[in-house]
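J.: Here's a structure for you.
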Amino acid sequence: MEQPARNQIPATLIPGDGIGPEVVQATVKVLDALGAPFSWDVQQAGMAGIEQGGDPLPQATLDSIRRTGLALKGPLTTPVGGGFRSVNVRLREAFNLFANVRPARTLVPGRFEDIDLVLVRENVGGFYVAHDYYIAVGDDPHAVAVSTGTNTRDACRRIARFAFEYAVKNQRKKITVVHKANILKALTGIFLEAAREVAQDYVGRVEMDDRIVDACAMQLVLNPWQFDMLLCTNLFGDILSDQIAGLVGGLGMAPGANIGETAAIFEAVHGSAPDIAGKGIANPISLMLAAGLMLEHVGRQDLAVRLRQAIDLTLNQDQVKTGDLKGSASTLQFAEAVIKRLG
Ligand code: NAI
Ligand code: MG
């Protein structure tokens, strides 16, 4: 029976590439069982967009997200070296999704217990926007490679403000700003400078300190519990969010939210995992947890909590796990086990 709260919120659903359609299918099944309020508009992007209409970012997909302001997205393959520019980066630009929130929390006992970290990443500037190119010399078309990055004071202030507000709302006590201001004095110095300025407004409520990125990476392995929230420039945030995923069991456990003023796109931290695509063995937890963030975003904290509890019980009571967590369940078997726990 349909519940009255269902299908009230239009949302774009992008199955994506590689393991994308597999983890998206598993997640949507669970959301249906949960009675999530989304009414899906399915759209293509990435290699799937090219196969359908020759475009990795079709106009129909952009129009859909413009209309709904909300999307759940499977990973999209980006060609390495040459080929088209990352559709993930283009989507973040198109909707000015300036904040990337990536929480990492221990759900299964592993090498590190009791990890509870939130990484906030500047999502539209820095080196990651990838305005880079080659300069030909003589007969070598790739003789010189150049990359440029830009950070504006406004964008740095905005992401810092976002992180501090997030800390206040979510009872977080400390933000560690991650930079390389000793070497990239301007590009990442401006980031640190803006964060220090914004931190003044939160004295007594949220503490701030900072780390140089390489030292931070080492300390995340030696003593991750010293950190509460990490505030990172775009490229460092990309790298460290995979690292903190590693602290909680790997890329199968790491959700992310891309937040802007008029739209938000929820996705897993991982990519399309071509090495396991099509086998039905991918861990869908990252995307399920991303759907949990999406539920919180639309004010359904209650459903997000039920979803996370069901995942927790499936892993820890029923011991149903996918291969990356040393289990033997398929993607869909895991989803069915979660649905049983939703009751
Ligand atoms: P990847 O994240 O796809 O995979 C790295 C490793 O983690 C692989 O061994 C993979 O099998 C494993 N893995 C990832 N997700 C998993 C899951 N849910 N369950 C079990 N194992 C999982 O990174 P890779 O191979 O570097 O990138 C593949 C493609 O994905 C590239 O084209 C890349 O550009 C793209 N990508 C897209 C992202 C997005 O759409 N937001 C994010 C990261 C990469
Ligand atoms: Mg990444």
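The values are calculated or read from the model by the stated rules, or taken from the named source; none is laboratory data. Only a predicted model underlies this, so the values are computations on that prediction, with no experimental measurement involved. A quick note on method: Cβ atoms are made from the backbone with ideal geometry, for glycine too, and the neighbour counts reach across all protein chains shown. Heavy atoms of the whole protein, side chains included, go into the accessibility calculation; ligands, DNA and RNA do not. Shrake-Rupley method; radii C 1.70, N 1.55, O 1.52, S 1.80 Å.
J.: Here is a check on your reading of the model: is residue 319 open to solvent by 10 Å² or more (accessible area, probe 1.4 Å) and under 22 Å from residue 68 (Cα atoms)?
T.: no
J.: Then there is this: Are there any pairs, at least 6 apart or on different chains, whose C-beta atoms fall under 7 Å, with the first in the stretch 184-200 and under 16 Å from residue 236 (Cβ atoms) and aliphatic (A, V, I, L, M) and the second at pLDDT 95 or above and open to solvent by 80 Å² or more (accessible area, probe 1.4 Å), and if so, which?
T.: Here the result reads 190/153; 194/153; 194/157, each pair linking the stretch 184-200 to a residue that is at pLDDT 95 or above and open to solvent by 80 Å² or more (accessible area, probe 1.4 Å).
J.: OK, next. Of all the residues that make up the stretch 236-266, how many are among the acidic types (Asp, Glu) and either away from ligand 1 (no atom under 12 Å from the Cβ) or open to solvent by less than 10 Å² (accessible area, probe 1.4 Å) (or both)?
T.: Final tally of qualifying residues: 1.
J.: Evaluate the stretch 291-309: report whether one residue or more is at pLDDT 95 or above, open to solvent by less than 10 Å² (accessible area, probe 1.4 Å), under 18 Å from residue 249 (Cα atoms) and of a type in the set (Gly, Ala, Ser).
T.: no
J.: Working only within the stretch 187-200, note down all residues that are surrounded by 12 or more Cβ atoms within 10 Å (Cβ to Cβ) and over 18 Å from residue 102 (Cβ atoms).
T.: 187, 188, 189, 190, 192, 193, 194, 196, 197, 198, 199
J.: Return the only residue of 160, 181, 155 being surrounded by 12 or more Cβ atoms within 10 Å (Cβ to Cβ) and without any contact (Cβ under 8 Å) to a residue 40 or more places away in the chain.
T.: Of the residues listed, the single one that is surrounded by 12 or more Cβ atoms within 10 Å (Cβ to Cβ) and without any contact (Cβ under 8 Å) to a residue 40 or more places away in the chain is 181.
J.: Return a yes/no flag: does the stretch 267-290 have any residue that is closer than 30 Å to residue 185 by Cβ, away from ligand 2 (no atom under 12 Å from the Cβ) and either of a type outside the set (Ser, Thr, Tyr) or open to solvent by less than 40 Å² (accessible area, probe 1.4 Å) (or both).
T.: no
J.: Yes or no: residue 341 open to solvent by 70 Å² or more (accessible area, probe 1.4 Å), of a type in the set (Lys, Arg) and part of a helix (DSSP H, G or I)?
T.: Yes; evaluated as a whole, the condition is true for this residue.
J.: May I ask you to list the residues in the stretch 66-95 that are within 13 Å of ligand 1 (Cβ to nearest atom), buried (at least 20 other Cβ atoms within 10 Å of the Cβ), part of a loop (DSSP other than H, G, I, E, B) and hydrophobic (A, V, I, L, M, F, W, C)?
T.: 76, the sole residue that qualifies.
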